[in-house]
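Written below as structure tokens is the structure these notes are about.
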Amino acid sequence: MTIKELLIEGTGLLGSSPPGEGPPPSFIDTPALDVALLLAELLQCRREDLILRENEIAGEETQKNFFAYIDRRKSGECVAYILGRREFRGLDFIVNPHVLVPRPDTEILVEAALEYIDSAGGKPPSLLDLCTGSGAIAISLKKERPHLSVTASDISLEALDIAKENAAKLFKPPVGESRPEVMLIQSDLFKKIPGKFNIIVSNPPYIKTDDLPSLAPEVRREPALALDGGEDGLELIKKIVAKAQGHLLPGGRLFLEADPGQMGAIRSLLSGHGYVDINVHKDLAGRERVISAGC
């Protein structure tokens, strides 16, 4: 089969729903894109190069592996887990089922934090990333603002192993320097976190428990620990809001990513705990995606 034929057949396979999954649009929204990403991985080329190579005959091993990838994607496994990586802010992060797949919405959290960091006038602020998962937020912030002192924590040791791999892959320590660029700590929120910080950022679990079964098949394969926000979706957020002030330096700021529909409730929580200068930060669709507040 040619590359063009593989793309056509793969797209057709992903565009048809498996038994019990409902119509195709509710299962895989971007079959052509997914197929192109998977085939480009096997051919070790850019997705854009597939057009130039569309008349090239794919080898038997490539075809075998390609249809194995298609079967995995059709079963509900996301492309990022199949490939073992996901791009975030121009960096390739290792991902697996122990961590959430970094999403474009989380870039709003990074950008809001960067804006605040830059307002500090070049001073070397300290930052804590709670529920770090793959480390995408902490590592991106350190890469873009090297003067930051960054600590990242997660309750999951498996997630911290992935964050450690990502930090090792994306940072090259200076000659003779053994100190890690991002300090990683296993902790249930603030329980084992020493010291105070200028900035705390977090993309915590915020999906209501009852809503988990209705998530897209690929999202249901992501770790429940990183998705389940309890009965109202705010269980972890309430704990963070209650404890963060004790870990923020004077004038410090807390940044939280959450569902746009939760922003009113989070604003009330922050106000009730005495936070000041509460702001929301909107995504490209105009939805309130991140909320921040000072202490």
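May I ask you to list the residues in the stretch 143-173 that are buried (at least 18 other Cβ atoms within 10 Å of the Cβ) and of a type in the set (Ser, Thr, Tyr)?
Listed by number, the residues that qualify are THR151, SER153, SER156.
Among the residues of the stretch 260-279, is any charged (D, E, K, R), touching a residue at least 40 places away in the same chain (Cβ under 8 Å) and assigned to a strand (DSSP E or B)?
So in the stretch 260-279, the residues charged (D, E, K, R) come out as 267, 277.
From what is left, the residues that are touching a residue at least 40 places away in the same chain (Cβ under 8 Å) are none.
No, there is no match, as no residue in the stretch 260-279 is charged (D, E, K, R), touching a residue at least 40 places away in the same chain (Cβ under 8 Å) and assigned to a strand (DSSP E or B).
Residues that are at pLDDT below 95 and either over 25 Å from ASP118 (Cβ atoms) or out of contact with any strand residue (DSSP E or B) (no Cβ under 9 Å at 6 or more places or on another chain) (or both): does the stretch 189-196 have at least one? Please lay out each step first, then the result.
Initially, the stretch 189-196 is screened for residues at pLDDT below 95, giving 194-195.
Right, trim to either over 25 Å from ASP118 (Cβ atoms) or out of contact with any strand residue (DSSP E or B) (no Cβ under 9 Å at 6 or more places or on another chain) (or both) and you get 194.
There is at least one residue in the stretch 189-196 that is at pLDDT below 95 and either over 25 Å from ASP118 (Cβ atoms) or out of contact with any strand residue (DSSP E or B) (no Cβ under 9 Å at 6 or more places or on another chain) (or both).
Kindly indicate whether any position in the stretch 66-81 is touching a Phe, Trp or Tyr at 6+ places or on another chain (Cβ under 7 Å) and not assigned by TED's automatic domain parsing to the domain that holds GLU9. Break it down into steps so the answer makes sense when it comes.
Within the stretch 66-81, the first condition is being touching a Phe, Trp or Tyr at 6+ places or on another chain (Cβ under 7 Å), and the residues that meet it are none.
Within the stretch 66-81 (the criterion being touching a Phe, Trp or Tyr at 6+ places or on another chain (Cβ under 7 Å) and not assigned by TED's automatic domain parsing to the domain that holds GLU9), the answer is no, since none of the residues qualifies.
From the set of residues in the stretch 237-259 that are in contact with a Cys (Cβ under 9 Å, 6 or more places away or on another chain) and assigned to a strand (DSSP E or B), which is nearest to ILE207 (Cα to Cα)?
Per the criteria, the residue is LEU254.
Any idea how many residues of the stretch 32-79 are charged (D, E, K, R), in contact (Cβ under 8 Å) with a residue 24 or more places away in the chain and farther than 30 Å from ALA138 by Cβ? Before the answer, list the steps.
Here is the first cut: in the stretch 32-79, the ones charged (D, E, K, R) are 34, 41, 46-49, 53-54, 56, 60-61, 64, 71-74, 77.
Then keep just the ones that are in contact (Cβ under 8 Å) with a residue 24 or more places away in the chain; that gives 34, 41, 53-54, 56, 73-74, 77.
Subsequent filtering for residues that are farther than 30 Å from ALA138 by Cβ retains 53-54, 56, 74.
The qualifying residues number 4.
The values are calculated or read from the model by the stated rules, or taken from the named source; none is laboratory data. Every value quoted in this text rests on a predicted model; they were computed, and no experiment measured them. Glycine gets a Cβ as well: all are built from the backbone with ideal geometry, and neighbour counts include every protein chain shown.
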